[in-house]
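First the structure, in the form of structure tokens, and then the observations on it.
The values are calculated or read from the model by the stated rules, or taken from the named source; none is laboratory data. Everything numeric here is computed off the predicted structure, so don't read it as measured data. Note: ideal-geometry Cβ built from the backbone for every residue, glycine included; neighbour counts use all protein chains shown.
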Amino acid sequence: MERFLYNLRVIWACMKKDIRSALTERVFTIISVFLPVNFLILLSLFVISGGQAPTAVVMQDTGPYAQQFYNAMDHAHSFILQKMNLTDAMQAIHQGHIVAVVVIPTDFDQRIAAQQPVQVDVTINNLNTDFTNDIRRAVPLSITTFYANAFPHVVTVVPQEIDAYAQDTGYIPYLTVSILVIALVIGGLLQSGTAAAREWENATMKELLLSPASRWAIVVGKMAGALIMSLAALVVVLAVLIFVVGVWPVHWGEVIGDTLLTMLIFIALGTLLGTWIKQRMAFTGLAFGVTIPLFFLSGAFGPISFNVPAVQVLAQIFPVYYAIVLQQHAFHNFILNTYGIGTNTLILVAYALGFIVLAALVLRRSVVAN
């Protein structure tokens with residue numbers, strides 16, 4: 001019992017020491033808090049700018065059929081529509097402000113009513129292949145949708161959509177939840193890894209190693225300090241995600257549990273790597289060099305089941321994948337793999353325990369080396 005109480009005092013002392021050290025380095029603390037938010041904002045802006053093609057519509061006919069065609073384009077989920085005159089539209093496309101110009105001719109309604117062919121001119125700035133393909137797919141879709149609504153008897157083959165989920169989810173709400181995970185990864189790694197490396201740079205780790213304190217207590221104490229400091233970044237990211245982006249969790253309990261578990265994993269990994277590398281600059285470079293590829297690999301932009309088998313196998317080696325699966329379920333009720341929530345959680349728990357054990361072993365090995 002006496003040994004247990006002593007270890008608790010060690011944990012408390014290590015935690016307080018790391019928190020004080022982090023607070024004295026205000027610049028780094030501010031960066032560690034706002035860097036995850038920057039990832040959230042920058043990647044969200046990336047999706048906003050690339051999600052739909054800005055398109056000018058020249059309404060030379062304003063009749064009911066022309067308006068129905070415009071509405072069909074507006075609901076194609078591929079355009080950001082702007083009504084312009086022909087001169088302004090052509091100037092905008094040549095200046096690179098828009099991707100396409102769609103001209104609804106003056107006799108659109110007249111020809112439709114007379115069941116005559118109508119030519120709708122589409123001018124495309126085909127510099128960007130993604131936007132170009134979106135336009136090429138969405139314009140025929142808009143034509144089909146227009147005829148299906150205006151003349152149901154003309155379109156005899158129509159799709160019947162059966163949705164897997166009760167509501168559609170936009171790309172930004174999906175991506176921002178994945179960014180939350182990468183924010184937890186970066187925040188946990190930076191807080192814990194730099195704290196561990198700082199001990200070696202300042203030679204204070206030797207004092208800890210020469211003390212009778214348990215190596216487990218030292219590791220747990222340093223992890224607790226990093227967890228407390230990481231909560232600031234977590235609160236900011238969650239506030240932006242919920243109140244600014246407008247993504248509200250379906251399962252609040254899962255959000256809290258999955259978030260703490262993810263933070264624990266990468267705080268343990270950061271403690272392990274910081275103890276092993278012993279230099280903050282080298283550790284920071286490694287943290288960024290590893291984190292960014294993992295983000296793109298682990299299903300941040302969509303379920304990895306849509307990718308080739310090799311990518312699926314590779315992604316499932318790393319805990320980021322399982323963290324994204326759990327957070328997507330917590331926020332959107334999505335089921336992104338067949339393992340079930342319990343199994344995904346147990347996999348993350350195994351990663352957490354494994355990293356904690358490895359961190360303690362690396363620290364114990366450092367005792368022998370020193």
Does the range 293-321 hold any residues that are part of a helix (DSSP H, G or I) and farther than 15 Å from ALA183 by Cα, and which are they?
-> LEU297, ILE304, SER305, PHE306, PRO309, ALA310, VAL311, GLN312, VAL313, LEU314, ALA315
Restricting attention to the range 298-324, and to residues there that are within 12 Å of the chain's Cα centre (by Cα) and buried (at least 18 other Cβ atoms within 10 Å of the Cβ), which single residue is modelled with the lowest pLDDT?
-> ALA300
Evaluate the range 187-207: report whether one residue or more is surrounded by fewer than 17 Cβ atoms within 10 Å (Cβ to Cβ) and within 36 Å of the chain's Cα centre (by Cα).
-> yes
Somewhere in the range 280-292, is a residue in the same structural domain as ALA195 (by TED's automatic domain parsing), closer than 20 Å to TYR174 by Cα and in a helix (DSSP H, G or I)?
-> yes
Filter the range 231-267 down to residues that are among the small types (Gly, Ala, Ser) and in contact with a Pro (Cβ under 9 Å, 6 or more places away or on another chain) and give me whichever is surrounded by the most Cβ atoms within 10 Å (Cβ to Cβ).
-> ALA233
Might you check whether a residue that is touching a residue at least 60 places away in the same chain (Cβ under 8 Å) and closer than 25 Å to GLN191 by Cα occurs anywhere in the range 331-347?
-> yes
Would you point out the residue of the range 107-125, among those that are within 13 Å of PRO54 (Cα to Cα) and among the polar types (S, T, N, Q), that is modelled with the lowest pLDDT?
-> ASN125
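Rundown of residues vs (1) under 17 Å from ALA66 (Cα atoms); (2) within 34 Å of the chain's Cα centre (by Cα), yes/no style:
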{"site": "ASN85", "(1), (2)": "yes, no"}
{"site": "ASP88", "(1), (2)": "no, no"}
{"site": "THR106", "(1), (2)": "yes, no"}
{"site": "GLN110", "(1), (2)": "yes, no"}
{"site": "GLN116", "(1), (2)": "yes, no"}
{"site": "ILE124", "(1), (2)": "no, yes"}
{"site": "ARG136", "(1), (2)": "no, yes"}
{"site": "HIS153", "(1), (2)": "no, no"}
{"site": "PRO159", "(1), (2)": "no, yes"}
Report yes if some residue within the range 324-338 is at positive phi and not aromatic (Phe, Trp, Tyr); otherwise report no.
-> yes
Restricting the range 124-134 to residues that are assigned to a helix (DSSP H, G or I) and touching a residue at least 12 places away in the same chain (Cβ under 8 Å), the one surrounded by the fewest Cβ atoms within 10 Å (Cβ to Cβ) turns out to be ASP130
Could you please find all residues in the range 52-71 being over 36 Å from the mean Cα position of the chain (by Cα) and without any contact (Cβ under 8 Å) to a residue 60 or more places away in the chain?
-> VAL58, MET59, GLN60, ASP61, THR62, GLY63, PRO64, ALA66, GLN67
Inter-residue pairs, beta-carbon under 8 Å, first of a type in the set (D, E, K, R) and in the range 226-255, second surrounded by 16 or more Cβ atoms within 10 Å (Cβ to Cβ), 6+ apart | GLU254/LEU326; GLU254/HIS329; GLU254/ALA330
Conditions: (1) surrounded by 15 or more Cβ atoms within 10 Å (Cβ to Cβ); (2) out of contact with any helix residue (DSSP H, G or I) (no Cβ under 7 Å at 6 or more places or on another chain); (3) of a type in the set (Asp, Glu). ASP121 meets all but one. Number of the miss?
-> (1)
